[in-house]
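As structure tokens, the structure follows; a few thoughts come after it.
The values are calculated or read from the model by the stated rules, or taken from the named source; none is laboratory data. Bear in mind the structure is a predicted one, so any value in this text is a computation, not a measurement. Cβ placement follows ideal geometry from the backbone for every residue including glycine, while neighbour counts extend to all protein chains displayed. Just the protein is used for accessible areas: all its heavy atoms, side chains included, with ligands, DNA and RNA removed. Shrake-Rupley method; radii C 1.70, N 1.55, O 1.52, S 1.80 Å.
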Amino acid sequence: MTHSESVRSELRLLAKLPATCQLSMLRYSADGGLLLAAGRDARLHRWKLPPEGLPLPAPDQKQPDMGSAESLTPLTGHNGWVSCLATSADGRWLISGDTWGRLICRAQAADQSEPVWQHAEAHAGWLRAMALSPDSQQLATCGADRMIRLWSTADGSLLQQFSGGGQDLYALAFHPDGNRLAVGDLQGVIGLWDHHTGQSLGQWEAREFYKLSYIQEVGGVRGLAWNGAGTVLAAAGCIPENGGFVQGIPALRLLNAADGSLLQQLKLGDNQEGFVHEVTWHPQDYWMGVCSGQPGRGRFFLHRSSADAPFCQNPAPLANCHSVALHTGGRQVAVLANEGTYGQQKSMAREGLYPGNTSPVHLFELPAD
Amino acid sequence: MQQFGCQSMQHQMSRRRWLGTAAAGAAALPLLDPTVHAAALKQSAKQVLFIWLDGGISQLESWDPKPNTEFGGPFRAIPTSVPGIHVSELLPQTAQQMQHLAIVRSLCTQDNAHSSGVDRIQRGDPKNRGVVYPYFGSAVTKLLGPNNSGLPPYVWIKPLSGGFMHKDAGFLGPQYGSLAFGDGKPPQNLLQHADVTDQEMTERLEIRSFADRRYASGRRTTSTEANGFVYSMGLELMQRRQLFDESTFSAMDVQRYGTHDLGRHMLLARRMLEAGVQFVKVNSYGWDTHGDNFNGSLSLVRRFDQPFAALIADLAASGLLDQVLVIALSEFGRTPRINGHLGRDHWPEAWSLCMAGTGVRRGVVVGSTSDKGTWVTSEPYDIGHMFHTWFRALGIDSQQTAWDNGGQPLPIAHENCHPVMDLLQ
């Protein structure tokens, strides 16, 4: 991060929640009282929190612990990895998808674990992303099967389905007006769709997020988010240098929603790092995102569209960050940092000691505006 | 070709002419036991396709899936054409060819570094005796002896550049190196110049041969012999350059194998086998998936699956699979543990390969790993076991045959290993 020396950092670490496995995504419940995590152990992990958010730790506390967060029993029912999840703003639904294509809708309440509805094969294989419409009436999903599907959140009925353009689909986001759906694919194409009819409304470019390295297709649009007014679309990804290791420049492209033109391309590291994995919009007019890098160079950043660099990022090193969720109150965030012990210690394996890596969750207090 | 720079024609001599005129000097070269050599000649119809996935294919995303386990990753296992055998869902077409295949899931090798591992695996990781063993391709072409294809015995189809790769040959001498076709293209400047008539070409060759013989009579080295061999290969390829004409592949085959590098190269490999090349190595690069392994495997493994399945099906349909030994492997597997970049690192402790063809049992899995794929739970096999097995599949008794390295007898495969009989017909 070339601008790190000049970046103002006012994040305050509130708690670090240990995880028993690697996680892929975080979301808060609508009332702020639950933090949910998609597990790469086929389970949904949950922590109960004070709905108003965690209190600040004591000034003399050096290593934050779980604070007042309480770990709840994980929810089962998935296979492979739980790859994505969504919580409806009306507080009713908790919806999760997995890499085997299963889609499960449950009630958001902590004491509810039985599915309200589910589809064992909502997609043929890896269910990549989901998004709820602004009124929470519809759920959009996309997958490695290159399909986009719309579901009724009330009963799980399939409302619409159409091909997303022939490539593995990685990310999607409803426009705030509820009339457009942006879908990003492996090759850096962002399709705009009228999800009511399945008609294409155009394509925007993020081709820099793609590279064919020998026979490996590298990159893809890994995250999409609109700003509150729906005037800017942020696309998260990487400008790849190579396959194999998959290194490149974590990057954020901000596109003009009027015509898809590039407003800004923000580079968040050098060419030996990873992806911006997720981006989301904060109501106080800035973007929040997370990216991966070489060990200890993962980042959580806050960025205003008009600036040439983030105005805030994590003060202490983080592992590879894969997801960020904004607490209901808008003052706190949860950041998933995917810690990564190198895997090759074979002597440990011979002794039967071969623990997997985990993704502890960091809860931060955002800086005052 | 490029490395040896055949411009200096007076230094060139065909391998056959050399062998014909300098037989007396052959005793200085490493040779087989005569009885074994005679036996090998009878086996000259045997061929090998050696598919090298450079960097390390993940066994968990291919031959040894562990779905719904801690290190199993996101993918499912799918059934194959052989009841009870499952492979990763990233191998849907190969799964339909399982009746021809043998999977080894119990490889446990010694090296977790690319730089040394590639050599150790392709040379069979013999005991260190201070000599450089030949790559498997060089060993096979030496042991099987020449066939009558009129083509180079050991070709290597690979991305990027080509040339004559003498280092493959180790102590066998550089003439047993591989001729690499960069991106499946023939050596540059292969065509006879338009201004040179056939008569003029013949005369030039005679002059070159004469000069070569005179030069070799006083300065003979394995390198000069290799130079001559390369020139001879160039002449052979001039006669067979149509092999490289991609426009002559059927549109259906191009579609079946895939238009990506590996698809094109595997289709060319089929043609080389059909033309009688004894040992064809196909390389694919970029398998070192330390980061984003699972999205990477979606590309990589599927692009292996498509041409591999097509080629196995074609070889089986044509009957060539009865004489061709097919092997697909890397220098090691990948770690069960998933790192922070969602990659898998190097793992020689418990990995897999796939083989098929002559001498090999079909529709079998040999060996097993623990529930999480961390280590081998059956008899572990090193690459030496595989060399013994492959030689045996080709009709070569690996435990009775020895190299003669200038009087130094050397086993052709690690003497502490043995053929895996469960893999052999």
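Structural remarks
- Residue pairs whose Cβ atoms lie under 6 Å apart, separated by 6 or more positions or on different chains, with the first residue in the stretch B:299-324 and at the interface with another protein chain (Cβ under 10 Å from one of its Cβ atoms) and in contact (Cβ under 8 Å) with a residue 12 or more places away in the chain and the second open to solvent by 10 Å² or more (accessible area, probe 1.4 Å) and part of a loop (DSSP other than H, G, I, E, B), are B:Arg303/B:His260.
- Residues that are in a loop (DSSP other than H, G, I, E, B) and either of a type in the set (Val, Ile, Thr) or within 24 Å of B:Trp287 (Cβ to Cβ) (or both) within the stretch A:227-248 comprise A:Thr231, A:Glu241, A:Asn242, A:Gly243, A:Gly244, A:Phe245, A:Val246, A:Gln247, listed in sequence order.
- All positions within the stretch A:86-102 that are of a type outside the set (Gly, Ala, Ser), open to solvent by less than 50 Å² (accessible area, probe 1.4 Å) and either in a loop (DSSP other than H, G, I, E, B) or more than 20 Å from A:Thr73 (Cα to Cα) (or both): A:Thr99
- Screening the candidates A:Gln161, A:Gln247 for the property of being modelled with pLDDT of 95 or more and not aromatic (Phe, Trp, Tyr) yields one hit, A:Gln161.
- Residue within the stretch B:295-303 that is at pLDDT 95 or above, more than 24 Å from B:Pro152 (Cβ to Cβ) and in contact with a Gly (Cβ under 6 Å, 6 or more places away or on another chain) present: no
- Among the residues of the stretch B:269-298, the one identified as in contact with a strand residue (DSSP E or B) (Cβ under 8 Å, 6 or more places away or on another chain), open to solvent by 10 Å² or more (accessible area, probe 1.4 Å) and more than 9 Å from chain A (Cβ to nearest Cβ) is B:Gly276.
- Scoring B:Asp212 on the criteria (1) under 23 Å from the mean Cα position of the chain (by Cα); (2) buried (at least 21 other Cβ atoms within 10 Å of the Cβ); (3) at pLDDT below 95 leaves a single failure, condition (1).
- Strands (runs of 3 or more DSSP E) lying entirely in the stretch B:1-108 (those with 2 or more residues that are at pLDDT below 95 and buried (at least 18 other Cβ atoms within 10 Å of the Cβ)): none
- Top-ranked residue in the stretch B:327-364 [being surrounded by fewer than 24 Cβ atoms within 10 Å (Cβ to Cβ) and among the β-branched types (Val, Ile, Thr); ranked as nearest to the other protein chains (Cβ to nearest Cβ)]: B:Ile327
- Every residue from the stretch B:395-419 that is surrounded by fewer than 21 Cβ atoms within 10 Å (Cβ to Cβ) and in contact with a strand residue (DSSP E or B) (Cβ under 6 Å, 6 or more places away or on another chain): B:Ala402, B:Asp404, B:Pro409, B:Leu410
- Odd one out for B:His346, checked against (1) free of Cβ contacts under 8 Å to residues at least 60 places away in the same chain; (2) of a type outside the set (Gly, Ala, Ser); (3) assigned to a strand (DSSP E or B): (1)
Condition check ((1) among the aromatic types (Phe, Trp, Tyr); (2) within 14 Å of chain B (Cβ to nearest Cβ); (3) part of a loop (DSSP other than H, G, I, E, B)) across all residues:
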| residue | (1), (2), (3) |
| --- | --- |
| A:Pro250 | no, yes, no |
| A:Leu254 | no, no, no |
| A:Gln284 | no, no, yes |
| A:Gln294 | no, yes, yes |
| A:Ser306 | no, no, yes |
| A:Pro315 | no, no, yes |
| A:His322 | no, yes, no |
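- Among the candidates A:Leu268, A:Leu302, A:Leu326, residue that is away from chain B (no Cβ under 14 Å) and under 15 Å from A:Phe209 (Cα atoms): A:Leu268
- Screening A:Val82 with (1) within 13 Å of another protein chain (Cβ to nearest Cβ); (2) open to solvent by 10 Å² or more (accessible area, probe 1.4 Å) gives one miss only, at (2).
- Extreme residue, surrounded by the fewest Cβ atoms within 10 Å (Cβ to Cβ), among residues of the stretch B:164-209 that are on the phi > 0 side of the Ramachandran plot and modelled with pLDDT of 90 or more: B:Asp183
- Filter result (small (Gly, Ala, Ser), within 8 Å of chain B (Cβ to nearest Cβ) and open to solvent by less than 10 Å² (accessible area, probe 1.4 Å)) within the stretch A:206-242: A:Gly220
- Matching strands (runs of 3 or more DSSP E) fully within the stretch B:150-262 where at least 1 residues are touching a residue at least 40 places away in the same chain (Cβ under 8 Å) and basic (Lys, Arg): B:154-158
- Close pairs (6 angstrom Cβ cut-off, 6 or more residues apart or separate chains): touching a residue at least 60 places away in the same chain (Cβ under 8 Å) and more than 12 Å from A:His362 (Cα to Cα) in the stretch A:307-331, of a type in the set (D, E, K, R) and part of a strand (DSSP E or B) anywhere: A:Gln313/A:Arg299
- Selection from the stretch B:299-326 of residues that are farther than 19 Å from A:Val218 by Cβ and open to solvent by less than 20 Å² (accessible area, probe 1.4 Å): B:Pro307, B:Phe308, B:Ala309, B:Ala310, B:Leu311, B:Ile312, B:Leu315, B:Leu321, B:Val324, B:Leu325, B:Val326
- Pairing residues of the stretch B:401-425 that are part of a helix (DSSP H, G or I) with residues that are among the hydroxyl-bearing types (Ser, Thr, Tyr), at Cβ distances under 6 Å and at least 6 apart in sequence or on separate chains, gives B:Leu423/B:Thr389.
- Taken over the stretch B:74-110, the criterion of being away from every other protein chain (no Cβ under 11 Å) and of a type in the set (D, E, K, R) is satisfied by B:Arg105 alone.
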